[in-house]
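Read the structure below first, then the notes.
The numbers here are math on the coordinates, done by the rules we state, and not lab data. Note that the coordinates shown come from a computational prediction; the quantities given were computed from them, not determined experimentally. Here Cβ is always computed from backbone atoms with ideal geometry, including for glycine, and neighbour counts include all displayed protein chains.
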Amino acid sequence: MSVKTSSFDKLNPEQLLKVRQIIKKHQGEDGALIPILRDIQEELGYLPRDAQVEVAQKLNIPLSEVYSVITFYALFSLKPKGKYHINVCKGTACYVRGAEGILEKLKDVLGIGPGDTTDDGLFSIDVIRCLGACGLGPVITINDETYARLKPDNIPGIIARYTDVGTKDYEERPVQEKVNV
Amino acid sequence: MISLNINNQKVKVEEGATILEAAEKAGIKIPTLCYLKEINKVGACRMCVVEVEGAKTLQAACVTPAAEGMVVKTNTPFVRKARKKILELILSDHPFECLTCVRNGNCELQTLAENLGIREVGYQGEKTESYIDTSTPSIVRDPNKCILCRRCVSVCNEIQNVGILFPNERGFNTFIGPAYGALLADEPCSLCGQCVLACPTGALHEHEDIDRVWKAIEDPNKHVVVQTAPAIRVTLGEALGLPPGSIVVGQMVAALRRLGFDKVFDTDFAADLTIMEEGHEFLDRLKNGGKLPLITSCSPGWIKFCEHHYPEFLENLSTCKSPQQMFGALAKTYYAHKNRIDPKNMFVVSIMPCTAKKFECQRPEMVDSEYLDVDVSLTTRELAKMIKQAGINFDTLESEEYDAPLGISTGAGAIFGATGGVMEAALRTVYEVVTGEELKSLDFIDVRGLKGVKEAQVELPGITVKVAVAHGLSNAREVLEAVKRGEADYHFIEIMACPGGCIGGGGQPIPTNTEIRERRIKAIYEVDKGMKLRKSHENPAIKRLYQEFLGAPLQEKSHHLLHTCYAPRGKYTKS
Ligand code: SF4
Ligand code: SF4
Ligand code: SF4
Ligand code: FES
Ligand code: FES
């Protein structure tokens with residue numbers, strides 16, 4: 001636990017308008033908080049601090065209450081998914097083949113844990129149960145790509161290729177670990 | 001009534017009572033941790049498990065209702081073993097810092113570990129590692145010592161209705177605190193410290209300033225004076241092992257002298273002065289169409305709450321500083337001058353029932369004497385610690401008297417310590433000033449006691465004055481909302497941030513609960529009854545202060561030294 005704030009806290013005017021419309025739609029309903037948060041999450045993909053303040057203000061409840069609810073339910077997130085979203089499989093098969101080590105290495109390299117997004121907005125990590133490629137574990141996906149039979153040592157190389165995007169086009173580069181399932 | 005059987009003892013209780021309450025009635029103690037009478041009943045810690053005949057698992061006594069014919073066992077080997085396991089699990093994520101912890105000797109977790117006979121902790125778990133929040137001058141939050149009991153959450157939300165502390169995240173990552181784990185200094189927190197009173201451990205405590213006071217006392221160039229708030233004289237004894245409601249005025253004064261303070265003065269003096277200023281302010285607003293209702297301003301927790309959450313009422317606040325600050329401003333001007341002391345060498349300490357007072361004395365505007373008006377504000381608990389550190393045997397001290405002139409006071413000053421007291425003191429003076437007649441009875445019973453919102457009416461020539469008294473911030477909210485809706489036409493409202501008023505302040509001895517509050521309040525009114533003078537305007541030292549120095553209430557000098565202003569602080573402060 002630490003004090004976390006970031007560029008993901010702000011709303012642009014267009015988003016603010018959307019948020020206000022959503023609140024208006026549910027205001028007055030019993031237990032309006034969760035439906036409102038759900039709709040905002042759906043609309044923006046996450047719940048920026050500014051949106052939380054807006055909700056708190058309109059429902060006349062403390063910001064701390066809004067935040068408490070958001071962080072309790074896994075379906076809400078405080079940050080948008082990264083440009084490259086990483087799913088780490090921790091299903092049984094992957095787990096016994098060392099998924100934990102892969103996740104640790106990812107945390108190490110990116111400095112974030114599951115459910116979090118790097119400050120530059122490039123990467124996010126989630127843990128999921130079984131990608132349906134059990135024979136190839138441990139498995140991760142990054143956007144549409146699947147990486148199989150991983151060892152922790154493979155991780156820095158894989159991540160480096162995405163962080164280099166912009167200088168060289170990732171798509172055109174040779175890929176060894178890419179596996180089509 | 002239902003009857004049940006606990007440890008082979010027959011017990012009769014009201015329907016709806018829990019097993020815990022039934023056991024209590026039978027004189028059987030069940031250990032608890034997250035449970036806090038009247039406040040927190042969440043069944044989170046499972047410390048209170050008991051065997052119930054016919055139930056498959058152990059039941060949490062604090063949330064399980066007693067039922068007709070129930071057979072309960074609270075002290076079987078199985079129960080004892082389970083409780084020990086549960087406590088060991090809690091302790092496996094707890095720093096073992098009892099020797100250096102502020103709650104050493106007054107910690108529920110520590111006591112439980114002792115009572116349950118914990119000698120080692122078998123589990124080796126991951127330990128919470130968190131920053132310690134020392135961002136405010138009032139309250140320290142140390143989540144490393146938090147056992148997630150949620151007592152503070154219930155107090156902050158239900159009793160105070162401020163909404164700062166909530167449980168966040170899930171599982172091992174769960175933490176109790178403000179949104180985003182933000183610092184209290186960045187939150188719309190009143191700093192009332194009610195959460196500190198509720199916390200069973202050292203996870204929430206006052207910012208300790210004892211060493212700064214020792215340092216000033218030891219400095220031969222410093223003239224160190226101390227003032228004691230009205231409520232301290234009925235609570236300090238408790239922190240030193242006496243029963244709740246013990247009146248210890250004389251011993252307290254004696255102890256302060258032995259600690260090495262050069263003069264021992266009384267905030268009650270400044271409370272009398274507050275009545276003079278605020279009483280006249282009220283009459284002035286009444287006569288000249290000023291902003292009404294006038295709302296009292298002695299409680300810095302209430303003031304900060306108002307600045308954050310009800311900025312629309314800032315003009316209603318009395319411009320009077322609190323007695324603590326009036327005292328400081330006068331000590332470094334009037335008193336210093338009279339005694340030819342360079343205010344630069346003065347050090348003013350106050351003993352307060354309050355954590356918010358620490359914040360108040362550091363507000364940047366509180367320097368009207370050209371110096372920090374009050375240098376350090378200590379809680380009742382901190383003073384008790386100083387007395388222990390100095391090796392003073394409190395019980396055997398002979399009574400001593402306050403020093404003059406800032407130690408001379410009336411019963412009206414004393415009752416500031418209880419909810420309704422400021423209003424009662426003000427009414428005693430306002431009535432006599434306006435009518436020129438002597439009050440037949442000085443006791444305004446309607447504004448006394450622990451009812452959340454109290455109302456009264458007083459007949460003055462040409463007008464029936466309607467007053468209200470609220471204590472605890474959720475009650476304050478209730479009154480303000482009623483005023484906003486136009487449903488309440490009060491002229492004068494007293495608001496105290498803490499339930500019961502200052503006798504229940506966030507700096508008071510732990511535990512503080514309803515029963516203890518009642519006993520402290522009773523003691524306060526006994527102090528009042530025992531005073532020769534019971535009306536602020538009859539205080540000879542106050543009369544002299546006006547003659548020699550201030551002129552009259554609300555005059556230029558008073559305005560400069562004794563009055564202040566307020567500014568909105570925002571409801572959703574930065575994060
Ligand atoms: S909170 Fe209690 S148990 Fe924990 S270190 Fe402090 S005194 Fe010891
Ligand atoms: S000091 Fe008062 S307002 Fe602030 S967190 Fe504690 S209980 Fe809540
Ligand atoms: S801070 Fe104290 S009262 Fe609050 S949950 Fe933690 S241990 Fe309980
Ligand atoms: S367990 Fe990882 S793909 Fe099935
Ligand atoms: S005291 Fe009963 S569950 Fe905590």
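How far is the Cα center of region B:260-335 from the Cα center of region B:443-496, in Å?
18 Å
Which peptide among A:104-114, A:25-35, B:117-127, B:411-421 comes first, and what is the full order, when sorted by highest mean count of other Cβ atoms within 10 Å?
Highest to lowest by the protection proxy: B:411-421, A:104-114, A:25-35, B:117-127.
Give the dimensionless ratio obtained when the Cα radius of gyration of region B:92-206 is divided by 2.2 N^0.38 Å.
Relative to the 2.2 N^0.38 Å estimate, region B:92-206 comes out at 1.06.
Working from Cα positions, state the angle (0 to 90°, nearest 10) between the long axis of helix B:514-529 and the longest principal axis of chain B.
Relative to chain B, helix B:514-529 is tipped by roughly 30 degrees.
Once phi is turned into θ = phi - 60°, what whole-Hz ³J(HN,Hα) does the Karplus curve with 6.51, -1.76 and 1.60 give for every residue of region A:136-153, x standing for Gly and Pro?
9, x, x, 10, 10, 10, 10, 6, 8, 8, 10, 10, 10, 6, 7, 10, x, 5
Using the number of other C-beta atoms within 10 angstrom as an exposure proxy, rank B:M1, B:M423 with the fewest first.
B:M1, B:M423
For B:S318, what charge total do you get from the other residues with a beta carbon under 13 Å from its beta carbon, if Lys and Arg give +1 and Asp and Glu give -1?
Spelling it out: positives minus negatives among the neighbours equals -3.
For the protein assembly as shown, compute Rh as the Kirkwood radius over C-alpha pairs and then the Stokes-Einstein diffusion coefficient at 25 °C and 0.890 mPa s; write the answer in µm²/s, rounded to an integer.
Diffusion coefficient, whole number: 84 µm²/s.
For B:M346, enumerate residues with amide H under 5 Å from its amide H, sequence gap 5+ or separate chain, H modeled in the peptide plane.
B:H223
What is the angle, in °, between the Cα long axis of helix A:33-44 and the longest principal axis of the Cα atoms in chain A? Nearest 10 is fine, range 0 to 90.
With both axes taken from Cα atoms, the answer is about 50 degrees.
Roughly how many debye, to the nearest 20, is the charge dipole of chain B about its Cα centre, given +1 on each Lys and Arg Cβ, -1 on each Asp and Glu Cβ, and no other charges?
1240 debye
Can you work out the FRET efficiency for the pair B:K344 and B:E526, with r the C-beta to C-beta distance and R0 = 41 Å, to the nearest 0.05?
0.50
Taking the Cα centre of the protein assembly as shown as the origin, how large is its charge dipole in debye, to the nearest 20, when only Lys and Arg (+1) and Asp and Glu (-1) carry charge on their Cβ atoms?
1440 debye
Quick one: putting +1 on the C-beta of Lys and Arg, -1 on the C-beta of Asp and Glu, what dipole do you get for region A:27-164 around its Cα centre, in Debye to the nearest 20?
600 debye
Does chain A come out rounded, prolate or oblate, given a ≥ b ≥ c as the square roots of the eigenvalues of its C-alpha gyration tensor, rounded meaning a/c under 1.5 and, failing that, prolate meaning a/b above b/c?
Since a/c reaches 1.5 and a/b is larger than b/c, the shape of chain A is classed as prolate.
Can you tell me the 0 to 90 degree angle between the C-alpha axis of helix B:380-389 and the longest principal axis of chain B, rounded to 10?
Value to nearest ten degrees: 80.
Kindly provide the pair-distance distribution of region A:7-72 built from C-alpha pairs, with 5 Å bins from 0 and whole-percent values in order of increasing distance.
4, 19, 35, 28, 13, 2, 0
Report the label-to-label distance for B:T514 and B:E315 in nanometres (one decimal), using points 7 Å from each Cα along the Cα→Cβ vector.
4.0 nm
Quick one: 3J(HN,Hα) in Hz for region B:467-479, Karplus 6.51/-1.76/1.60 with θ = phi - 60°, rounded, Gly and Pro as x.
In residue order, the calculated couplings are 10, 9, 10, 10, 9, x, 6, 5, 5, 4, 4, 4, 5 Hz.
At 4 °C and 1.567 mPa s, grab the translational diffusion coefficient of chain B from Stokes-Einstein with a Kirkwood Rh over Cα pairs, rounded to a whole number in µm² per second.
52 µm²/s
Under a straight-distance cross-link criterion of Cα-Cα below 14 Å, which aspartates and glutamates are reachable from B:K10, leaving out those fewer than 8 residues away in the same chain?
Output for B:K10: B:E21, B:E24, B:E68.
Using Cα centres only, tell me the gap between region A:31-81 and region B:186-221 in whole Å.
Centre-to-centre (Cα) distance: 34 Å.
Within 10 Å of each Cβ of B:160-166, how many other protein chain Cβ atoms are there on average?
Shielding by partners across B:160-166 averages 4.
In peptide B:171-180, what is the residue-averaged number of other protein chain Cβ atoms found within 10 Å of each Cβ?
Mean inter-chain Cβ contacts per residue within 10 Å come to 5.
Using alpha carbon centroids, what distance separates region B:146-164 and region B:57-75, in Å?
Taking the Cα centre of each part, region B:146-164 and region B:57-75 sit 27 Å apart.
Which entries in B:K321/B:K440; B:K440/B:K535; B:K358/B:K385; B:K56/B:K85 show an alpha-carbon gap greater than 21 Å?
Checking Cα-Cα distances, B:K321/B:K440 exceed 21 Å.
Give me the Debye-computed log₁₀ of I(q)/I(0) at q = 0.09, 0.18 Å⁻¹ for region B:1-141, equal point scatterers on Cα only, no solvent, two decimals.
With no solvent term, the Cα-only Debye profile gives -0.34, -1.06.
Of B:K41/B:K484; B:K84/B:K127; B:K37/B:K451; B:K332/B:K357, which pairs sit farther than 23 Å apart, going by alpha carbon to alpha carbon?
B:K41/B:K484
Residue by residue through region B:248-264, what is 3J(HN,Hα) from phi via Karplus (6.51 cos²θ - 1.76 cosθ + 1.60, θ = phi - 60°)? Round to whole Hz and write x for glycine and proline.
10, 3, x, 5, 4, 4, 4, 5, 4, 4, 5, 5, x, 5, 6, 9, 10
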